[in-house]
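Asker: One structure follows; several queries about it will come next.
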Amino acid sequence: MTKNTKKEILLNVAVLIVVAMIIGYYFFNKGPLDVRSQDGIVATPTELYTYYITDSMKAHKKFDDKVIRIKGEVSEVTENTQKKQVVIFKTASSGGNINCTMEEAIPGIKKGDVVEIKGICNGLGQGDPDLGIMGDVYLTRSFISK
C-alpha cells in the first residue's frame, strides 16, 4: 500500500466519523414529536380501525408513529395503571375500539360525548382471537383537538 493510499483511507474514515457524529447530534437534540402543533392525519374511528383489520401492512406504513386526528363518539372513559385518563372511541366493529391515552385529563368528558382527539398512533393491539377479543388501535400522547 502506498503512502497516498493510506492517507486517503484515513481521510475517508475521518470524514465518515465526523458525518456520523453530526447525524447523532441531530437526532439526540431533535426531541419528541410535538403532537399539539401537528395537524395530523384525519380519520374517523371506524375508518382507522377498518384500515388496520383489512390491510395491516398498509395501515402500519400510513399511520404508525404519526399524529392522527379522530373525531367520534366516546364509548368509555377510564384510567390506566399510570393514572392517565384513557378515552375509548367506539367503531363499527363490535369489540374493536380506538384507545387514546391522554397527556392531560379532559374534565367532564363522558360516554356519548362527541370529541376530537389527536395523538400518536401505535398500531393495532393483539387481542385474543381464541376468546373472541378483538385488538384495539392505540393512540398515545393524546390531546383534545381544538
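Each reported figure results from applying straightforward, stated rules to the coordinates on display, with no laboratory input. Keep in mind that what you see is a predicted model, and the values were worked out from it rather than measured. Neighbour counts run over all protein chains shown; Cβ positions are idealised from the backbone, glycine included.
Asker: Each label point is 7 Å from the Cα along the Cα-to-Cβ direction; what then is the distance between the points at Leu33 and Glu116, in nm?
Answerer: Here the answer is 1.9 nm between the modelled labels.
Asker: Work out the charge dipole of the chain with +1 on the Cβ of Lys and Arg and -1 on the Cβ of Asp and Glu about the Cα centre, then indicate which of Val74, Ser142, Pro107 is farthest towards its positive end.
Answerer: Towards the positive end, the residue furthest out is Ser142.
Asker: Here is a further query. Using only DSSP helix segments of four residues or longer, with each worth -39500 (n - 2.57), what per-residue ellipticity at 222 nm results for the chain after dividing by its residue count and rounding to 500?
Answerer: That calculation yields -10500 deg cm²/dmol at 222 nm.
Asker: What distance in nm lies between label points placed 7 Å from Cα along the C-beta direction at Glu47 and Lys71?
Answerer: 1.1
Asker: Using the eigenvalues of the Cα gyration tensor, what equivalent ellipsoid semi-axes result for the chain when each is taken as the square root of five times the eigenvalue, whole Å, largest first?
Answerer: After diagonalising the Cα gyration tensor, the semi-axes are 43, 19, 13 Å.
Asker: Could the peptides 104-110, 48-54 be put in order, highest first, of the mean number of other beta-carbon atoms found within 10 Å of their residues?
Answerer: 48-54, 104-110
Asker: Here is a follow-up. Between Ile23 and Lys61, what FRET efficiency follows from the Cβ-Cβ distance if R0 is 30 Å, with the result rounded to 0.05?
Answerer: With a Förster radius of 30 Å, E is 0.80.
Asker: Expressed as a whole number of Å, what is the distance separating the alpha-carbon centroids of segment 94-125 and segment 1-53?
Answerer: Here the answer is 30 Å between Cα centres.
Asker: What are the residues whose amide H is under 5 Å from the amide H of Met134, where those residues sit 5 or more places off or on another chain and H is modelled from the backbone?
Answerer: Hits under the 5 Å cutoff: Asp128.
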